[in-house]
Structure formats: C-alpha cells, structure tokens
Amino acid sequence: MSGQPNAPQPPPPHTLREYALVADGERGALVGPEGDFCWLCFPRWDSDALLSSLIGGRGSYSVTPRGRFVWGGRYEPGTLIWRSRWTTEGSGVIECREALALPTMRDRAVILRRIVAVAQTAQVSVLLDPSWRFGEEPLRALARDESGLWHARTGEVQIAWSGGDRAVPVPDGRGGEALELTLDLAAGEHHDLVLVLALDGAAGAPPGADALWRATEEAWQRRVPRLGPNAAPRDAHHAYAVLAGLTSSSGGMVAAATTSLPERARAGRNYDYRYVWIRDQCYAGQAVARDGPHPLMDDAVRFVGERLREHGSGMKPAYTADAGSVPDVSSIPLPGYPGGSDRIGNGVSHQFQLDAFGEALLLFAAAARRDHLDSDAWRAAEIAARAIEERRAEPDAGIWELEPACWTHSRLICAAGLRAISAHAPGGELRARWLSLAEALVADASEHGVHPSGRWQRAREDPRVDAALLMPAIRGAVPAEDPRTLATLRAVESELTQDGYCYRYRPDDRPLGEAEGAFLLCGYVMALAHHQQGDRVAAARWFERNRAACGPPGVFAEEYDVAQRQLRGNLPQAFVHALLLECAIVQGQDL
C-alpha cells in the first residue's frame, strides 16, 4: 500500500467482535481495540469511504497507547458514546472517549475524541491519515493556522483538526501527507481532539470541545427513551441506541454500517448492507412498538409509508438512506477484509420481495395499536394490501433473497399483515376484504407449502424446513396451537440448531456450520416461538445464548461461527438488534 518503508501504517484488522460503532444517523465509524477508526463513509452511509483500512484501503485515524497494553471499553448508557480503555505496563490506565457529535448535519461531521490519563501518566500516539474514495485521495493542502488548527483536504472533503497543534506532517508514500502526534498526559489530565469533515466549502473552526460534548450527551438523551420493564435492561437500551445510530434524518435505517465483511472466508459471500431494507426497518419498528410509541417506530412508519405511496406495488426491497435507488454491484481495487473481497452496491433493486408488503402491514398495525397511524400511513397500508392482492401469485426472492419462487414464508407473512391491519380497518367492507385475502393466502400455503410430515416447507418445489417459517405463527398468520406451527418448531429445533444457535436452512448436504454460520436473527426467532408456546425456560435459554454472542462492545453481526465463536458478516446488523430488543421486551412481560 505504500511506496516508502517509513510511511505511516494503520493497525491491522481485528476480529469483528472487537469493533465498536460510533454514529450520528447519517454515517458511522468503527473503532478497533488499538483506538483505530478504520471505517467511515462520508458524507453518508453509502458514500465513498474516508477511512477504509478495515478492508485494506488507506485511511485511518488512531489514538493508541505507547508500549504494551490490554484493551477494554464500554458505552455510556443509552448512547453511542464509546470509551476505549487501556491498562498499560506499570498499572497505568488510559481512556479515550469517542463520538460523532450531535445534532447531526447531512454534509458535515464532527469526530470527538477525549484522551484521559485515568491513573498515572499517559503516553499515546496519534495518527491522522484520512483518504477519501476508499483511499484514492491522499491528504493534501495541509496547513496549520496561527491558532494551531490544521486545515487540509482529501478529494472534495475539507478537513479541520484541533488539538493537534504539535503534530508533525509525514509523507504518506502516495504524494500526500499524514499527521503524527505524540501526547504525554499527567495523571488526571485530559486532551481533546476535534476533527471536522465538510463536503461543501471550508470545514471551519470547530466549537469548543466541552460545548460539543454537552450537545452530544443531550441529543442522545432525547434520541433514546427510557424503556419499560424487560428481560435485559442494559442490552435492550443499547440495542435501541444502535438502531437510533443507524437511522438517518429521512427515517431510513440502514441494515449495517459496512460493506464487504465476509460471511464465509473466500466463499464470495460478502455484501454491501449500507442501505435501508424495508423488511429490516419494519422489524425495528415492530420491536420498538412493543414498548411504546417511540421515535424509531414513527421513523419506520414514515420511511416505509413514503416508499409505498411513491412506488406502490413496485416498491423496491431496499433504498439508500435518502430514498434513492441502490446502485448495482461493483468492485473497488482493495484487498478486502481478510477472507473477503471488495464490493460496493447491491443487486437487491432487481428483486421482488412479496413479504416486504406483509411486514409493512404488520408495522402499520403495530403503530395503529399505539394510535400513531395518520391518514398518510393509512393510504400506504391500503396500497400495501392492494399490492399483495395484485402480486401474490408471482414468484419472489423471499426473505433470504434467493432465486424467485412461491415462498411459503412470503405468503404467510402477508396473511399475518392483513390480519393485523384488518383489526384497525375503518370500515367493515375493507376489513372483510382483507381477512378474505388473508384466508386465501393461508389456503394457498396449506395446499402447496405443507410437508408430508405436517410442517411448513419452504416452497412447493423445496421441501426443506426453514427457520423463517416460525415467523408467521409469531405474527398471527396461523394460531400458535396449529399442528403445522408445532411441527415446524420441532423440525427447526431438530434439524437446524446447534449448541443453542439456529441456522436459516440447510443449503446442501454438508453439516451445519460448514456452508454458513448460524443466523443470530433466527436464534431470537426461536426465543419468540418458544415464548409463544408458553415454554418460558426454553425462550429464556435461546435469548440468553444468542445475546451472549457479541464481543465487549455489544454489537452483533448477521452470522455467528459456532465452532470458532466468532461474528461473521457486516456489522452492526440492525435486524439482529431489533429482534434482541423485541425478545427482551416480550420476556420482560413475564417478570
């Protein structure tokens, strides 16, 4: 990556369980155990990366103790303010408080870092080496003004950095420069670094660090409400904060902050999830509605409702956070995260996913139960119901985004949505129509989607069991006591589980875990299914097992490698946090 042997190098990548997320709704950064900001897209989630060392690009911003140390950290409750904490030789303790400043701005971001010598003196090394367009644009026009504020640019991004007045420019090996700084702090002393990024015009001098920290703390207090009684108060509160951090001012919640993190090493299964999946947004809104009419529920209703009113039955499965079209897949010339490759964009826009319309109706029904469904959202609900009526016979890509088929899950989840929203329909004729359509969908699934053993099967042509087939009963498409519900739960537990974790389905004849990792989403679905059956012990066991799959920062990826006890895939995966939140609230009803 460098043309000079002494050019600054970022820390190597770490296992995914060690990364924390700081975010402001419009973009997010991953922070590693060496104090390395290794991933940040700017100005928005799906923009080009400014910090991309996570997947082998140039671009990092690190605050690292000098000498030997061990790492830890924690989030401040109800926020995405992260505190890296290192214990150094001689029992020294250093903390670095990190955040993206709030309130958020679309084309401007502020990274706050406060280094604190908690015990004894602290010695840290700082490297600032941002590089936009996934490392193609080195830092240029570097200059320090009379106040000690550094100014520079990388591509179209203007940068201002305070707190680094003693930093030294060093060649980056590509015709640009980086900044290196060594700090020595006395016990009890702290030092603030404030990095401003701006797309239009000069970045300008940042406000004082104390004022920025106060504004950020107050904004998080407004964003993350107090939750009611639940089975895991700390984790549920944190899950809400993660979902809030992934949700933009448009109301759209991206599925994950990253791209190209592999699900399986060198298996070609690495995707770009920096977009808003309608299904995932509905999961989050439904989970939040279990506790109350909190802002994230309203955000979900607003974003999904707008997409339905705009595109009708042609609603796409996913959009950018500002409601644009998801770009097609392309490659960037980077080596990728170890085991993965370089990929941006997603082919989801070419798919039809019928179940997304059913999930939208479930979301709207959850909001209606909280008396938070206005006339615009009602029109969106009617559009979703018509879309189901018009397109229910079409093969679709389904929840797992596979080759088109008449997936049983898609039909049943649409039936669940129609049943749920019909309870709030303004007229008897409309209610009857929706219930009749739900009955027709269940009848069709019963004719073509039942295995000879009595359980639900994936599709007429696919007799395999699928963990997603637990969801229709949970959401009310069929009764909990229906023999097919019970048979499906027994089959999933028998065929798709391992050591307290659950897989989606068997892709082939290989043993579980060889084709793909366990899906943490499915583990939480198992918890909900057992809770619905009244087996509180099994429900608690599934919930506790799966919420323990994270690392110290408490963020989850999509998959979990059971044998190696490692997270796999992009992170943080929003729908996993949504189902964790829902499980905590549901099980809290028993307390």
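The values are calculated or read from the model by the stated rules, or taken from the named source; none is laboratory data. Keep in mind the model is a prediction, meaning the values are calculated, not measured. Every residue, glycine among them, receives a Cβ derived from its backbone with ideal geometry; neighbour counts consider all protein chains shown. Areas reflect the complete protein model, heavy atoms only, side chains present, ligands, DNA and RNA absent. Shrake-Rupley method; radii C 1.70, N 1.55, O 1.52, S 1.80 Å.
Values computed for the structure shown
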{"item": "Ratio of the Cα radius of gyration of the stretch 530-576 to 2.2 N^0.38 Å, where N counts its residues", "result": "1.29"}
{"item": "Mean Cβ neighbour count within 10 Å, used as a protection proxy, ranking 67-73, 351-357 highest first", "result": "351-357, 67-73"}
{"item": "For q = 0.14, 0.22 Å⁻¹, Debye-computed log10 I/I(0) when each Cα of the stretch 130-227 counts as one equal scatterer", "result": "-0.65, -1.15"}
{"item": "Reference-scaled alpha-carbon Rg (2.2 N^0.38 Å with N residues) for the stretch 316-413", "result": "1.34"}
{"item": "Net charge dipole size for the chain [Lys, Arg +1 and Asp, Glu -1 on Cβ; Debye, nearest 20]", "result": "700"}
{"item": "Among Leu469, Pro572, Ala491 - extreme Cα towards positive end, dipole of the stretch 466-578, charges at beta-carbon", "result": "Pro572"}
{"item": "Charge dipole (debye, nearest 20) of the stretch 1-132; +1 at Cβ of Lys and Arg, -1 at Cβ of Asp and Glu", "result": "220"}
{"item": "Accessible area of Arg264 in the full protein assembly, 1.4 Å probe (Å², nearest 10)", "result": "50"}
{"item": "Cα-centre dipole for the stretch 426-480 with unit charges at Cβ (Lys and Arg positive, Asp and Glu negative), debye to 20", "result": "160"}
{"item": "Angle in degrees between helix 233-245 and the longest Cα principal axis of the chain, rounded to the nearest 10", "result": "80"}
{"item": "Shape box of the chain [Cα atoms, principal axes, largest first, Å]", "result": "75, 47, 46"}
{"item": "Computed accessible area, Leu334, all protein chains, 1.4 angstrom probe, square angstrom", "result": "30"}
{"item": "Largest-first principal axis extents, alpha carbons of the stretch 91-130, Å", "result": "42, 23, 9"}
{"item": "Near-label residues of the stretch 98-134 by backbone N, under 15 Å of a point 7 Å along Cα→Cβ of Ser91", "result": "118-121"}
{"item": "Top positive-direction residue, dipole computed over the stretch 111-267 with Cβ charges, set Ser248, His190, Ala141", "result": "Ser248"}
{"item": "Most positive-pole-ward Cα, Leu402, Ala420, Gly163, against dipole of the chain from beta carbon charges", "result": "Ala420"}
{"item": "Carbon and sulfur %, accessible surface of the stretch 320-458 computed with the full protein complex present, 1.4 Å", "result": "50"}
{"item": "Sites Ala202 and Arg379, calculated FRET efficiency, Cβ-Cβ separation with R0 45 Å, nearest 0.05", "result": "0.55"}
{"item": "Computed helical MRE - 222 nm, the chain, DSSP H runs ≥ 4 contributing -39500 (n - 2.57), nearest 500", "result": "-10000 deg cm²/dmol"}
{"item": "Probe 1.4 Å, accessible area per residue of the stretch 498-556, Å²", "result": "36"}
{"item": "Cysteines, the chain, no other Cys beta-carbon under 4.7 Å", "result": "Cys38, Cys41, Cys96, Cys282, Cys406, Cys414, Cys550, Cys583"}
{"item": "Per residue, the convex hull volume that the Cα atoms of the stretch 1-145 enclose (Å³)", "result": "141"}
{"item": "Packing-based ranking, highest mean first, of 217-225, 134-142 given that Cβ atoms within 10 Å are counted", "result": "134-142, 217-225"}
{"item": "Computed Rg/Rh of the stretch 399-459, alpha carbon atoms with Kirkwood Rh", "result": "1.07"}
{"item": "On Cα atoms only, tilt of 574-588 relative to the major axis of the chain in degrees", "result": "60"}
{"item": "Viscosity 1.567 mPa s, 4 °C: Kirkwood-radius Stokes-Einstein D of the stretch 368-516 over Cα pairs, µm²/s", "result": "79"}
{"item": "Long-range HN-HN contacts of Val450 with modeled amide H, under 5 Å", "result": "Gln457"}
{"item": "When the convex hull of its Cα atoms is projected in every direction, mean area for the stretch 70-216 (nm²)", "result": "9.7"}
